[in-house]
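The values are calculated or read from the model by the stated rules, or taken from the named source; none is laboratory data. Since we're looking at a predicted model, the values are computed, not measured. Glycine also receives a Cβ, built like all others from the backbone with ideal geometry; neighbour counts cover every protein chain displayed. Note: areas computed on protein heavy atoms with side chains; ligands, DNA, RNA excluded. Shrake-Rupley method; radii C 1.70, N 1.55, O 1.52, S 1.80 Å.
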Amino acid sequence: MKPAPIPSNEVERQKSLEAMSVLSTPRDPELDRITRLAERLFGSDIVAISLLDNDRQFFKSRVNLSVSETSRDISFCGHAVMYDAPLVVPNALEDERFYDNPLVTGGPEIRSYLGVPISNQQGYKLGTLCVIDGNQRNFTKEEIQTLQDLARWVETVLALRYTERSQQQLLKDLDTAQRELLIDTLTGIWNRRGLEELLSREISAAQMKKTPVGIFMLDIDHFKSINDTNGHLIGDKVIQSISEIMSSSLRDQDITGRFGGEEFVCILPGLRLERMMYLGYKICETIAEQCKVPNKDGEQISVTVSVGATWVSPQTTQLYGSEQILQMADDALYKAKQAGRNTVRYLPLDAHGSLEALDEAPPESPAV
(Lines give C-alpha, C1' and ligand atoms only; values in the text may rest on other atoms or scores of the structure.)
Protein backbone atom coordinates (compact mmCIF):
# COMPACT_ATOMS: atom_id res chain seq x y z
CA MET A 1 0.00 0.00 0.00
CA LYS A 2 1.18 3.52 -0.76
CA PRO A 3 0.30 5.83 2.16
CA ALA A 4 -1.49 9.02 1.22
CA PRO A 5 1.15 11.67 0.42
CA ILE A 6 1.39 15.00 2.24
CA PRO A 7 1.06 18.20 0.16
CA SER A 8 4.05 20.54 0.11
CA ASN A 9 1.90 23.34 1.54
CA GLU A 10 0.46 21.17 4.33
CA VAL A 11 1.17 23.61 7.18
CA GLU A 12 -0.63 26.44 5.41
CA ARG A 13 -3.41 24.14 4.20
CA GLN A 14 -4.09 22.83 7.71
CA LYS A 15 -4.05 26.33 9.16
CA SER A 16 -6.54 27.52 6.53
CA LEU A 17 -8.81 24.53 7.22
CA GLU A 18 -8.75 25.11 10.99
CA ALA A 19 -9.56 28.81 10.52
CA MET A 20 -12.84 27.83 8.84
CA SER A 21 -14.02 25.98 12.01
CA VAL A 22 -15.91 23.33 10.03
CA LEU A 23 -14.26 20.29 11.66
CA SER A 24 -16.06 18.08 14.19
CA THR A 25 -19.14 20.28 14.03
CA PRO A 26 -22.81 19.16 13.77
CA ARG A 27 -23.96 17.74 10.48
CA ASP A 28 -24.93 20.37 7.94
CA PRO A 29 -28.36 19.84 6.29
CA GLU A 30 -27.24 21.50 3.06
CA LEU A 31 -24.17 19.26 2.72
CA ASP A 32 -26.27 16.21 3.57
CA ARG A 33 -28.64 17.22 0.78
CA ILE A 34 -25.73 17.18 -1.68
CA THR A 35 -24.52 13.73 -0.64
CA ARG A 36 -28.05 12.30 -0.79
CA LEU A 37 -28.45 13.73 -4.27
CA ALA A 38 -25.13 12.22 -5.34
CA GLU A 39 -26.25 8.83 -4.06
CA ARG A 40 -29.41 9.01 -6.18
CA LEU A 41 -27.56 10.23 -9.27
CA PHE A 42 -24.76 7.67 -9.10
CA GLY A 43 -26.54 4.77 -7.41
CA SER A 44 -23.35 4.24 -5.43
CA ASP A 45 -22.84 2.37 -2.18
CA ILE A 46 -21.18 5.26 -0.32
CA VAL A 47 -21.01 9.02 -0.77
CA ALA A 48 -18.90 11.26 1.46
CA ILE A 49 -17.56 14.77 1.88
CA SER A 50 -14.21 14.24 3.53
CA LEU A 51 -11.86 16.80 5.07
CA LEU A 52 -8.19 16.06 5.70
CA ASP A 53 -7.35 17.08 9.26
CA ASN A 54 -3.80 16.40 10.46
CA ASP A 55 -3.61 12.58 10.66
CA ARG A 56 -7.29 11.80 10.07
CA GLN A 57 -9.90 11.92 7.33
CA PHE A 58 -13.04 13.48 8.82
CA PHE A 59 -16.37 12.92 7.07
CA LYS A 60 -18.30 16.19 7.13
CA SER A 61 -21.24 14.46 5.43
CA ARG A 62 -21.72 10.81 4.58
CA VAL A 63 -24.26 8.35 3.19
CA ASN A 64 -24.13 4.61 4.03
CA LEU A 65 -20.94 5.05 6.06
CA SER A 66 -21.06 4.25 9.76
CA VAL A 67 -17.77 5.85 10.87
CA SER A 68 -17.15 9.59 11.15
CA GLU A 69 -13.43 9.39 10.38
CA THR A 70 -10.58 7.12 9.31
CA SER A 71 -6.81 7.33 9.37
CA ARG A 72 -5.48 9.78 6.79
CA ASP A 73 -2.63 7.56 5.61
CA ILE A 74 -5.03 4.91 4.25
CA SER A 75 -7.49 7.41 2.74
CA PHE A 76 -8.18 7.64 -0.98
CA CYS A 77 -8.97 11.29 -0.35
CA GLY A 78 -5.36 11.88 0.71
CA HIS A 79 -4.27 10.87 -2.78
CA ALA A 80 -7.04 12.82 -4.53
CA VAL A 81 -6.03 16.22 -3.09
CA MET A 82 -2.63 15.90 -4.75
CA TYR A 83 -4.26 16.42 -8.15
CA ASP A 84 -6.15 19.27 -9.77
CA ALA A 85 -8.28 16.78 -11.69
CA PRO A 86 -10.70 14.15 -10.27
CA LEU A 87 -9.16 10.91 -9.01
CA VAL A 88 -10.74 7.98 -10.89
CA VAL A 89 -10.14 4.43 -9.67
CA PRO A 90 -12.18 1.91 -11.73
CA ASN A 91 -10.80 -1.13 -9.85
CA ALA A 92 -8.82 -0.66 -6.65
CA LEU A 93 -7.55 -4.25 -6.79
CA GLU A 94 -5.67 -3.40 -9.98
CA ASP A 95 -4.26 -0.10 -8.71
CA GLU A 96 -0.79 -0.32 -7.15
CA ARG A 97 -1.66 2.49 -4.72
CA PHE A 98 -4.68 0.72 -3.24
CA TYR A 99 -4.77 -3.02 -3.96
CA ASP A 100 -3.59 -3.93 -0.42
CA ASN A 101 -5.19 -0.95 1.35
CA PRO A 102 -7.15 -1.97 4.50
CA LEU A 103 -10.21 -0.20 3.10
CA VAL A 104 -9.96 -2.50 0.07
CA THR A 105 -8.98 -5.79 1.70
CA GLY A 106 -11.41 -5.22 4.57
CA GLY A 107 -14.57 -3.19 5.17
CA PRO A 108 -16.00 -1.36 3.33
CA GLU A 109 -14.18 -3.36 0.59
CA ILE A 110 -13.76 -0.48 -1.83
CA ARG A 111 -13.49 -1.48 -5.46
CA SER A 112 -14.23 1.72 -7.39
CA TYR A 113 -13.71 5.33 -6.33
CA LEU A 114 -14.35 8.74 -7.87
CA GLY A 115 -13.23 11.77 -5.88
CA VAL A 116 -13.21 15.47 -6.76
CA PRO A 117 -11.00 17.79 -4.64
CA ILE A 118 -12.82 20.63 -2.85
CA SER A 119 -10.99 23.88 -2.16
CA ASN A 120 -11.63 27.00 -0.11
CA GLN A 121 -11.49 30.62 -1.24
CA GLN A 122 -7.76 30.74 -0.48
CA GLY A 123 -7.16 27.91 -2.96
CA TYR A 124 -6.20 25.21 -0.44
CA LYS A 125 -7.55 21.71 -1.06
CA LEU A 126 -9.56 20.73 2.00
CA GLY A 127 -10.66 17.24 0.99
CA THR A 128 -13.01 15.66 -1.53
CA LEU A 129 -16.53 14.85 -2.54
CA CYS A 130 -16.38 11.17 -3.44
CA VAL A 131 -18.56 8.27 -4.53
CA ILE A 132 -17.51 4.72 -3.66
CA ASP A 133 -18.70 1.31 -4.83
CA GLY A 134 -18.08 -2.26 -3.81
CA ASN A 135 -17.96 -3.27 -7.48
CA GLN A 136 -15.65 -2.36 -10.31
CA ARG A 137 -16.98 0.64 -12.21
CA ASN A 138 -15.95 2.69 -15.23
CA PHE A 139 -17.13 6.26 -14.66
CA THR A 140 -18.28 8.17 -17.74
CA LYS A 141 -17.22 11.70 -18.65
CA GLU A 142 -20.75 12.88 -17.85
CA GLU A 143 -20.61 11.29 -14.39
CA ILE A 144 -17.26 12.90 -13.67
CA GLN A 145 -18.61 16.28 -14.75
CA THR A 146 -21.68 15.81 -12.56
CA LEU A 147 -19.55 15.13 -9.49
CA GLN A 148 -17.40 18.16 -10.30
CA ASP A 149 -20.53 20.32 -10.41
CA LEU A 150 -21.67 18.94 -7.05
CA ALA A 151 -18.20 19.57 -5.61
CA ARG A 152 -18.47 23.26 -6.57
CA TRP A 153 -21.77 23.32 -4.68
CA VAL A 154 -19.99 21.88 -1.63
CA GLU A 155 -17.34 24.60 -1.88
CA THR A 156 -20.02 27.29 -1.96
CA VAL A 157 -21.77 25.92 1.12
CA LEU A 158 -18.53 25.64 3.10
CA ALA A 159 -17.54 29.17 2.13
CA LEU A 160 -20.91 30.55 3.22
CA ARG A 161 -20.75 28.75 6.54
CA TYR A 162 -17.29 30.21 7.11
CA THR A 163 -18.24 33.79 6.27
CA GLU A 164 -21.52 33.71 8.21
CA ARG A 165 -19.78 33.28 11.56
CA SER A 166 -19.82 36.58 13.44
CA GLN A 167 -16.82 38.24 15.00
CA GLN A 168 -18.26 37.46 18.45
CA GLN A 169 -18.55 33.77 17.55
CA LEU A 170 -14.97 33.72 16.33
CA LEU A 171 -13.74 35.27 19.57
CA LYS A 172 -15.80 32.84 21.63
CA ASP A 173 -14.39 29.86 19.76
CA LEU A 174 -10.75 30.77 20.35
CA ASP A 175 -8.90 28.56 22.80
CA THR A 176 -6.07 29.90 24.98
CA ALA A 177 -3.34 29.16 22.44
CA GLN A 178 -5.28 30.78 19.62
CA ARG A 179 -5.98 33.88 21.69
CA GLU A 180 -2.27 34.31 22.29
CA LEU A 181 -1.70 34.14 18.53
CA LEU A 182 -4.56 36.35 17.36
CA ILE A 183 -5.42 38.81 20.16
CA ASP A 184 -3.42 41.88 21.21
CA THR A 185 -2.62 41.56 24.91
CA LEU A 186 -2.63 45.31 25.66
CA THR A 187 -6.00 46.17 24.14
CA GLY A 188 -7.86 42.84 23.91
CA ILE A 189 -8.66 43.44 20.23
CA TRP A 190 -7.31 41.55 17.21
CA ASN A 191 -3.58 41.71 16.55
CA ARG A 192 -1.92 41.92 13.13
CA ARG A 193 -2.13 38.18 12.46
CA GLY A 194 -5.77 38.10 13.47
CA LEU A 195 -6.55 41.09 11.26
CA GLU A 196 -4.86 39.51 8.25
CA GLU A 197 -6.84 36.28 8.69
CA LEU A 198 -10.14 38.14 9.13
CA LEU A 199 -9.46 40.37 6.13
CA SER A 200 -8.97 37.26 3.99
CA ARG A 201 -12.30 35.98 5.30
CA GLU A 202 -14.09 39.24 4.51
CA ILE A 203 -12.62 39.38 1.02
CA SER A 204 -13.93 35.85 0.39
CA ALA A 205 -17.36 36.87 1.68
CA ALA A 206 -17.38 40.01 -0.49
CA GLN A 207 -16.52 37.98 -3.58
CA MET A 208 -19.38 35.59 -2.97
CA LYS A 209 -21.97 38.21 -1.97
CA LYS A 210 -20.73 40.86 -4.44
CA THR A 211 -20.42 43.48 -1.71
CA PRO A 212 -17.68 46.07 -1.03
CA VAL A 213 -14.96 46.04 1.60
CA GLY A 214 -13.50 49.15 3.22
CA ILE A 215 -10.29 49.50 5.22
CA PHE A 216 -9.09 52.19 7.62
CA MET A 217 -5.48 52.31 8.77
CA LEU A 218 -4.99 54.71 11.70
CA ASP A 219 -1.79 56.06 13.21
CA ILE A 220 -1.56 58.04 16.46
CA ASP A 221 -0.04 61.40 15.58
CA HIS A 222 3.36 62.14 17.19
CA PHE A 223 3.09 59.08 19.42
CA LYS A 224 6.85 58.93 19.99
CA SER A 225 6.68 62.40 21.51
CA ILE A 226 3.80 61.28 23.79
CA ASN A 227 5.89 58.33 24.99
CA ASP A 228 9.10 60.33 25.38
CA THR A 229 7.38 63.12 27.33
CA ASN A 230 4.99 61.11 29.49
CA GLY A 231 6.43 57.58 29.65
CA HIS A 232 5.29 54.25 28.24
CA LEU A 233 2.59 53.74 30.86
CA ILE A 234 0.76 56.85 29.67
CA GLY A 235 1.44 55.82 26.07
CA ASP A 236 -0.21 52.45 26.72
CA LYS A 237 -3.26 54.20 28.20
CA VAL A 238 -3.55 56.29 25.04
CA ILE A 239 -3.48 53.14 22.90
CA GLN A 240 -6.11 51.48 25.09
CA SER A 241 -8.34 54.55 25.02
CA ILE A 242 -8.24 54.79 21.22
CA SER A 243 -8.97 51.08 20.95
CA GLU A 244 -12.10 51.49 23.09
CA ILE A 245 -13.26 54.58 21.17
CA MET A 246 -12.94 52.85 17.80
CA SER A 247 -14.68 49.69 18.95
CA SER A 248 -17.62 51.68 20.33
CA SER A 249 -17.84 53.99 17.30
CA LEU A 250 -18.17 51.30 14.63
CA ARG A 251 -20.85 48.74 13.79
CA ASP A 252 -20.97 45.29 15.39
CA GLN A 253 -19.88 43.66 12.14
CA ASP A 254 -16.88 45.96 11.72
CA ILE A 255 -13.53 44.54 12.81
CA THR A 256 -10.97 46.55 14.75
CA GLY A 257 -7.43 45.51 15.56
CA ARG A 258 -4.03 46.80 16.55
CA PHE A 259 -1.76 46.41 13.56
CA GLY A 260 1.39 47.12 15.51
CA GLY A 261 2.84 49.84 17.73
CA GLU A 262 0.56 52.88 17.42
CA GLU A 263 -1.18 51.66 14.25
CA PHE A 264 -4.73 50.29 14.07
CA VAL A 265 -6.76 48.74 11.25
CA CYS A 266 -10.54 48.71 10.83
CA ILE A 267 -12.22 46.33 8.38
CA LEU A 268 -15.61 47.60 7.20
CA PRO A 269 -17.53 44.89 5.30
CA GLY A 270 -20.41 45.93 3.09
CA LEU A 271 -20.14 49.65 3.82
CA ARG A 272 -21.10 52.08 1.06
CA LEU A 273 -18.24 54.29 -0.13
CA GLU A 274 -20.04 57.54 0.75
CA ARG A 275 -20.74 56.35 4.28
CA MET A 276 -17.20 55.09 4.74
CA MET A 277 -15.65 58.39 3.67
CA TYR A 278 -17.77 60.30 6.17
CA LEU A 279 -16.92 57.79 8.89
CA GLY A 280 -13.18 58.33 8.44
CA TYR A 281 -13.45 61.99 9.31
CA LYS A 282 -15.89 61.18 12.12
CA ILE A 283 -13.37 58.82 13.73
CA CYS A 284 -10.69 61.54 13.61
CA GLU A 285 -13.09 63.97 15.26
CA THR A 286 -14.31 61.51 17.89
CA ILE A 287 -10.83 60.48 18.97
CA ALA A 288 -9.72 64.11 19.27
CA GLU A 289 -12.77 64.81 21.46
CA GLN A 290 -12.98 61.65 23.57
CA CYS A 291 -9.39 60.46 24.08
CA LYS A 292 -8.87 62.04 27.48
CA VAL A 293 -5.74 60.59 29.03
CA PRO A 294 -4.09 62.76 31.72
CA ASN A 295 -0.34 63.17 31.93
CA LYS A 296 1.63 62.84 35.17
CA ASP A 297 0.55 66.35 36.18
CA GLY A 298 -3.12 65.59 35.62
CA GLU A 299 -3.35 67.62 32.45
CA GLN A 300 -5.17 66.11 29.48
CA ILE A 301 -2.93 65.04 26.59
CA SER A 302 -3.96 66.24 23.16
CA VAL A 303 -4.31 63.17 20.95
CA THR A 304 -5.18 63.05 17.26
CA VAL A 305 -4.92 60.38 14.57
CA SER A 306 -4.23 60.25 10.86
CA VAL A 307 -6.32 57.90 8.74
CA GLY A 308 -5.49 56.17 5.48
CA ALA A 309 -8.37 54.41 3.76
CA THR A 310 -9.11 52.25 0.78
CA TRP A 311 -12.30 50.77 -0.58
CA VAL A 312 -12.77 47.80 -2.87
CA SER A 313 -15.89 47.88 -5.01
CA PRO A 314 -18.09 44.79 -5.53
CA GLN A 315 -16.83 44.65 -9.12
CA THR A 316 -13.15 44.53 -8.13
CA THR A 317 -12.99 42.27 -5.05
CA GLN A 318 -11.78 39.42 -7.27
CA LEU A 319 -8.73 41.43 -8.31
CA TYR A 320 -7.07 42.18 -4.98
CA GLY A 321 -5.68 40.17 -2.08
CA SER A 322 -5.38 41.23 1.54
CA GLU A 323 -1.73 42.28 1.18
CA GLN A 324 -2.53 44.64 -1.71
CA ILE A 325 -5.47 46.14 0.16
CA LEU A 326 -3.45 46.75 3.31
CA GLN A 327 -0.63 48.25 1.29
CA MET A 328 -3.02 50.68 -0.38
CA ALA A 329 -4.40 51.72 3.01
CA ASP A 330 -0.83 52.21 4.24
CA ASP A 331 -0.03 54.37 1.19
CA ALA A 332 -3.11 56.45 1.93
CA LEU A 333 -2.00 56.81 5.56
CA TYR A 334 1.36 58.14 4.37
CA LYS A 335 -0.48 60.78 2.34
CA ALA A 336 -2.54 61.75 5.38
CA LYS A 337 0.64 62.30 7.38
CA GLN A 338 2.14 64.34 4.55
CA ALA A 339 -1.00 66.49 4.50
CA GLY A 340 -0.40 67.63 8.07
CA ARG A 341 -1.91 64.79 10.14
CA ASN A 342 -5.26 64.70 11.97
CA THR A 343 -6.89 64.12 8.60
CA VAL A 344 -8.00 61.39 6.17
CA ARG A 345 -6.78 60.39 2.74
CA TYR A 346 -8.38 57.84 0.41
CA LEU A 347 -6.81 55.65 -2.25
CA PRO A 348 -9.62 53.38 -3.47
CA LEU A 349 -8.88 50.13 -5.27
CA ASP A 350 -11.57 50.91 -7.77
CA ALA A 351 -11.60 51.83 -11.44
CA HIS A 352 -14.57 54.21 -11.16
CA GLY A 353 -12.81 57.56 -10.93
CA SER A 354 -10.60 59.66 -8.68
CA LEU A 355 -11.55 60.80 -5.20
CA GLU A 356 -8.89 63.50 -4.91
CA ALA A 357 -11.48 66.27 -4.68
CA LEU A 358 -12.96 64.62 -1.61
CA ASP A 359 -9.67 64.75 0.26
CA GLU A 360 -9.86 68.49 0.74
CA ALA A 361 -12.68 68.60 3.29
CA PRO A 362 -14.86 66.20 5.30
CA PRO A 363 -17.98 65.13 3.39
CA GLU A 364 -21.37 65.78 4.92
CA SER A 365 -23.09 62.96 6.75
CA PRO A 366 -24.78 60.76 4.14
CA ALA A 367 -28.29 59.46 4.39
CA VAL A 368 -28.43 56.05 5.98
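Note that segment 206-348 carries a Kirkwood radius of 15.5 Å, evaluated over its alpha carbons pair by pair. Put simply, the C-alpha atoms of segment 176-234 give a gyration tensor, and the ellipsoid matching it has half-axes of 31, 17, 6 Å, longest first. Placing R0 at 45 angstrom, the Cβ-Cβ distance between ARG33 and ARG251 gives a FRET efficiency of 0.85 after rounding to 0.05. Each eigenvalue of the Cα gyration tensor of segment 87-163, multiplied by 5 and square-rooted, gives one semi-axis; in descending order these are 27, 14, 10 Å. Roughly speaking, what is the centre-to-centre gap between segment 4-26 and segment 51-99 when only Cα atoms are used, to the nearest Å? Using only Cα atoms, the two centres lie 15 Å from each other. Remark: spin-label model distance ASP149-ARG272 equals 3.9 nm, labels positioned 7 Å along the Cα→Cβ axis.
Taken over the alpha carbons of segment 93-138 as equal point scatterers, the Debye sum produces base-10 log I(q)/I(0) values at 0.15, 0.16, 0.23, 0.26 Å⁻¹ of -0.47, -0.52, -0.82, -0.92. Straightening the chain between MET208 and ALA85 buys 41.9 nm, computed as 0.36 nm per residue apart minus the Cα-Cα spacing.
Net charge in the neighbourhood of PHE223 (other residues with Cβ under 13 Å of its Cβ; Lys, Arg +1, Asp, Glu -1) is -1. Per residue, the average separation of C-alpha pairs within less than 8 Å and at least 6 apart gives the chain a relative contact order of 12 percent.
Output the relative contact order of segment 200-332, whole-number percent, from Cα pairs under 8 angstrom with separation of 6+ residues. Result for segment 200-332 is 40 percent. Against the chain, whose longest principal axis comes from its Cα atoms, helix 29-42 is set at around 30 degrees.
Put simply, the C-alpha atoms of segment 28-83 give a gyration tensor, and the ellipsoid matching it has half-axes of 20, 12, 10 Å, longest first. Both radii come from the Cα set of segment 209-263: Rg as radius of gyration, Rh as Kirkwood radius; their ratio Rg/Rh reads 1.08.
Think of a 1.4 Å ball rolled over the protein heavy atoms: the chain then has 47 Å² of accessible area per residue. What's the angle, to the nearest 10 degrees (0 to 90), between helix 10-20's Cα axis and the longest principal axis of the chain? So the inclination is approximately 70 degrees. Accessible-area rank, largest first, for LYS337, LYS2, LYS292: LYS292, LYS2, LYS337, with all protein chains present and a 1.4 angstrom probe. Between the Cα long axis of helix 141-164 and the first principal axis of the chain there is an angle of about 30°, rounded to the nearest 10. Using Cβ point charges alone (K and R +1, D and E -1), the dipole size of the chain about the Cα centre works out to roughly 500 debye.
Given +1 at the Cβ of Lys and Arg, -1 at the Cβ of Asp and Glu and no other charges, the dipole of segment 169-271 around its Cα centre is 340 debye to the nearest 20.
With each label modelled as a point 7 angstrom along the Cα→C-beta vector, the ASN295-ARG341 pair spans 1.4 nm.
At the listed q of 0.23, 0.24 Å⁻¹, the Debye profile of segment 8-119, built from one uniform point per Cα, gives log10 I(q)/I(0) equal to -1.57, -1.65.
With respect to the cross-link table entries LYS224/LYS292; LYS209/LYS335; LYS15/LYS141; LYS2/LYS60; LYS15/LYS60; LYS224/LYS282, which display a Cα-Cα separation exceeding 27 Å? LYS209/LYS335; LYS15/LYS141, as the Cα separations exceed 27 Å there. Taken over the chain, the ratio of Cα radius of gyration to 2.2 N^0.38 Å equals 1.23. Packing, taken as the mean count of other beta carbons within 10 Å per residue, orders the peptides 60-73, 266-279 from highest to lowest as 266-279, 60-73. Per-residue ellipticity at 222 nm, computed for the chain from helices alone with -39500 (n - 2.57) per DSSP H run of at least four residues, works out to -13000 deg cm²/dmol. For the pair GLU10 and GLU109 in one chain, pulling the backbone fully straight at 0.36 nm per residue adds 32.8 nm over the alpha carbon distance. For segment 122-153 versus segment 190-231, the spacing of their alpha-carbon centroids is 40 Å.
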